[in-house]
Amino acid sequence: MIILLNIFAWVSIHIVFSFLTSRLTPKQLQRLSPLFHSLEMEAGGGMYRFLKIKKWKKYISDAGGWFRGGVNKNEIGLSSQQGRITFLLELNRAELSHWLQIMPAPFFFILNNRVESWVMFLYGILFNLPLILVQRYNRMRIVKIMVQYSPSKSRPSRNLSPQISNHFTNSE
C-alpha cells in the first residue's frame, strides 16, 4: 500500500508543479530569469561535453504542450529572435518546474522506512536532475545564438540573465 501511496505522491507532485509553472506568464518568467544565471562550471560547455548531454537529450520528451496553453519547444520556431526569446522563457519554465519537483523529496522520509525513504528521495533527484541539465545546456546554446544574432550588441543589464536582458526588453 505504501508503494502505491509513493507512486501517487510523485505523480501528483509532477503534475501539480508542471501545471503551476505552465500558468506563469512571460512577464513572470522574465522576472524570474535572474534565477537561471549560468554557473562558472558551465562556462564553455565542458561540463556538458563530459556528461555527453548532446547524445542522450534527444531521448527525453518535451512535456511543454501537455497542458492547455503550454508550449511544445519543437514548435517555437528558432529562426526568429522572438522565437528564440520564447524558447528561452520556456527553458526557464521547464527548469523551474523540475527544481520545484525536487523540493518535496525530503518529505518522503516522513512516509517511509529508511530504505524506501532514500529510494524516493533519490528518485526525486535522479528523475529531475537530467531534465534540469538539459534545460541549462539548451539555455547556454540559445543564449550564444541570441548574442550572435542580436540586433544590439550593447552590454545587457544585470537585472536579467547575463547576455539576454536586452533581448527581453527589445521584445516588448
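Bear in mind these aren't lab numbers, they're just calculated from the coordinates by the rules spelled out. All of these numbers come straight from a predicted model, not from anything done at the bench. Here Cβ is always computed from backbone atoms with ideal geometry, including for glycine, and neighbour counts include all displayed protein chains.
Count Lys and Arg as plus one, Asp and Glu as minus one, and take only other residues whose Cβ is under 10 Å from that of GLU95; the net charge is then +2. Seen from THR21, the other residues with C-beta closer than 13 Å to its C-beta sum to a net charge of 0, counting Lys and Arg as +1 and Asp and Glu as -1.
Less than 13 Å Cβ to Cβ from GLU42, Lys/Arg counted +1 and Asp/Glu -1: what total charge do the surrounding residues give? Net charge in that neighbourhood comes out at +3.
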